[in-house]
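A.B. asks: Take this structure first; my questions come after.
The values are calculated or read from the model by the stated rules, or taken from the named source; none is laboratory data. As the structure is a computational prediction, the values presented were derived from the model and not from experiment. For neighbour counting, all protein chains shown are included, and Cβ atoms are generated from backbone atoms with ideal geometry for every residue, glycine included. Keep in mind that these areas ignore ligands, DNA and RNA; they rest on the heavy atoms of the full protein, side chains included. Shrake-Rupley method; radii C 1.70, N 1.55, O 1.52, S 1.80 Å.
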Amino acid sequence: MTTPVQQTMGSGIQSTKLRIVSMMGSHYVGKVVLALDAAGVNYDRAFISGLYPPAELKKRNKDYKTVPVLEVGRGKEMVPVMGSDNILKWVDDNIPTAAFKFYPPYDASPDSKYAEVKSAESFLDRLGLWIIYYHWSDEGFDRTLGPFMCRNGACCCCCCIKSLPPAKYGITRFKTALKSALPEVFDVNGNYDAAAAKKAFFDDLQKVEVMFKTEGQLHLCDTPQPNAADFMLVACLNSFLGTLGDAGVPAAFPTCLRESGCVRTWNYYERMSKQYPLKFRLSCTGMCCR
């Protein structure tokens with residue numbers, strides 16, 4: 001079946017300009033950036049500030065709801081591809097010069113390698129919820145994003161950062177989202193329960209750990225090249241353990257793998273983060289480029 005993008009771009013697809021609409025510090029953007037850089041795909045970047053993402057995205061395009069967005073082409077001929085999974089699948093289908101495929105060949109069988117990669121990728125979305133918790137919960141914000149916003153000029157002292165509109169928006173928005181997505185992090189009164197959250201988070205990290213069946217396994221699902229799930233995991237781990245590459249966002253939970261005993265996951269992260277460094281700023285056409 002021919003996709004709308006293929007219908008629009010036709011045979012000139014390989015020479016078409018690509019642009020990723022990004023937000024500094026998004027692990028979903030990090031997943032796409034890691035994957036495209038690793039596969040040698042050329043693209044530009046346009047950044048939104050991230051203060052009010054829905055409004056900023058709608059100003060750019062009324063149909064945009066979240067980042068990342070891949071803009072294929074320019075001007076009236078531009079066609080958007082929204083969502084990290086869809087972007088990587090689009091690259092698989094349309095960029096034959098990419099160094100490798102992000103997904104195995106499609107196979108409807110539940111036991112196929114394709115299904116295994118998609119299942120792993122889907123589970124790793126849950127780690128994104130933990131990134132939100134450890135950045136936007138009361139304790140997490142005071143330790144990570146609050147000081148980060150202060151250092152980047154949001155206010156002159158960290159004591160007042162929570163009263164500023166961008167912080168209030170994020171804290172309120174994500175607490176509401178987490179109540180339905182991660183109910184286990186709340187007590188009976190609707191307040192964050194740090195001990196329960198830590199236990200549930202470590203349980204999920206152990207589920208990642210068992211994905212590495214041997215010490216020598218290089219990639220999730222034991223594929224010969226890194227796949228879409230790998231780049232999701234590396235981006236998430238970079239958020240917990242590092243600074244999301246050159247985004248400079250403070251680590252959400254720097255000791256989580258050591259405390260949870262996930263040795264194979266730690267070894268994997270050390271190797272993959274060195275082999276595929278996360279570079280949000282590389283090739284950026286400007287923080288406000290259109």
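A.B. asks: Just how much of residue 139 is accessible, in Å², when a 1.4 Å probe is used and the result is rounded to the nearest 10?
C.D. replies: Rounded to the nearest 10, the figure is 100 Å².
A.B. asks: How much net charge surrounds residue 37 when only the other residues with a Cβ under 15 Å from the Cβ of residue 37 are counted, with Lys and Arg +1 and Asp and Glu -1? The partial results should precede the final answer.
C.D. replies: Values: positive: 19, 31, 45, 274, 279, 281; negative: 44, 230, 246.
Charge balance near residue 37 sits at +3.
A.B. asks: Put a dot 7 Å past each Cα toward the Cβ at residue 17 and residue 150; how far apart are the dots in nm?
C.D. replies: Going from the residue 150 label point to the residue 17 one covers 4.1 nm.
A.B. asks: Related question: Taking 0.36 nm per intervening residue step and subtracting the Cα-Cα distance, what contour gain separates residue 206 from residue 119 on full extension?
C.D. replies: 29.7 nm
A.B. asks: Between residue 76 and residue 275, what FRET efficiency comes out of the Förster formula 1/(1 + (r/R0)^6) with R0 = 30 Å and r the beta carbon distance, rounded to 0.05?
C.D. replies: 0.15
A.B. asks: Sticking with this structure for a sec: I'd like the distance between the alpha-carbon centres of the stretch 175-244 and the stretch 103-134, rounded to an integer number of Å.
C.D. replies: Measuring centre to centre over Cα atoms gives 12 Å.
A.B. asks: Can you tally the net charge around residue 128? Count Lys and Arg as +1, Asp and Glu as -1, for every other residue whose Cβ sits under 14 Å from the Cβ of residue 128.
C.D. replies: -2
A.B. asks: With a point put 7 Å past each Cα toward its Cβ, work out how far residue 177 is from residue 142 in nm, to one decimal.
C.D. replies: With each label point 7 Å from Cα toward Cβ, the separation is 2.3 nm.
A.B. asks: Let me ask something else. For residue 108 and residue 65, compute 0.36 nm times the residue count separating them, minus their Cα-Cα distance, and round to one decimal in nm.
C.D. replies: Between residue 108 and residue 65, full extension yields 12.5 nm more.
A.B. asks: Using a 1.4 Å probe and counting only protein heavy atoms, arrange 45, 173, 271 so the residue with the most accessible area comes first.
C.D. replies: Working: 45 0, 173 105, 271 75 Å².
Largest accessible area first, the list is 173, 271, 45.
A.B. asks: Enter the accessible area of residue 135 (Å², nearest 10), with the probe set to 1.4 Å and all protein chains included.
C.D. replies: About 10 Å², rounded to the nearest 10.
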